[in-house]
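The values are calculated or read from the model by the stated rules, or taken from the named source; none is laboratory data. Bear in mind the structure is a predicted one, so any value in this text is a computation, not a measurement. Cβ coordinates were reconstructed from backbone atoms using ideal geometry, including for glycine residues, and neighbour counts include every protein chain displayed.
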Amino acid sequence: MKTLRVLIVTLAALLAGACVKSPPAAATHKNVQRYDLKGVVVRLRAEDKVAVIKHERIQDAAGKVWMEPMTMDFPVPNAAEFQRLKPGQTVEGRLNQDLDTLDYWVDQLH
Ligand SMILES: [Cu+2]
C-alpha cells in the first residue's frame, strides 16, 4: 500500500515536471483547438510569463463558445510577445488549447 502511494506520487511528480518542461510549440501538441482572444491586460507576472487578461467572450471560428467574459491568467510562452505587453493595453491574439492535456496558452498577440 505504501509502495503504491510512493509510486503514484513519483508518477505525478514526473508528469508535472514533463508538463512544465514541454515548450508549447506546435510540434509537441498534436490536437490543438484555436480561438480568437480579445481583452485588456490587467497585470503581468514576469516570473512565469503569465498575463492576467480581462477577456471578452472566447469562441472558435464556428462560433462555439469556449468561455464567457471574465478575468483570468493566460500563459504567454513567447518571450518577445510577453515583453511587449503593458497593463491597461487592449490586445487581440490567438488562444490555443491542447485537447489532450487541456493546457492552454496565448500567442500572435497584437
Ligand atoms: Cu476565462
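Worth pointing out:
- Of the residues making up the range 47-56, those that are more than 12 Å from the ligand (Cβ to nearest atom) and of a type outside the set (Val, Ile, Thr) are Glu47, Asp48, Lys49, Ala51.
- Of all residues in the range 57-85, those that are of a type in the set (S, T, N, Q) and within 8 Å of the ligand (Cβ to nearest atom) total 1.
- Residue-level analysis places Gln89 among those that are touching a strand residue (DSSP E or B) at 6+ places or on another chain (Cβ under 7 Å) and farther than 17 Å from Tyr35 by Cβ.
- Residue check, Arg34 within 16 Å of the ligand (Cβ to nearest atom) and closer than 13 Å to Gln108 by Cα: yes
- Enumeration of residues in the range 68-110 that are among the acidic types (Asp, Glu) and either without any contact (Cβ under 8 Å) to a residue 24 or more places away in the chain or more than 14 Å from Ile53 (Cβ to Cβ) (or both): Glu68, Asp98, Asp100, Asp103
- Count - residues of the range 38-87 that are assigned to a loop (DSSP other than H, G, I, E, B), modelled with pLDDT under 95 and touching a Phe, Trp or Tyr at 6+ places or on another chain (Cβ under 9 Å): 3
- Being surrounded by 15 or more Cβ atoms within 10 Å (Cβ to Cβ), without any contact (Cβ under 8 Å) to a residue 24 or more places away in the chain and out of contact with any Pro (no Cβ under 7 Å at 6 or more places or on another chain) holds for only one residue in Val52, Val65, and it is Val52.
- Unique match (being polar (S, T, N, Q) and touching a Cys at 6+ places or on another chain (Cβ under 9 Å)) among Thr71, Thr101, Thr90: Thr101
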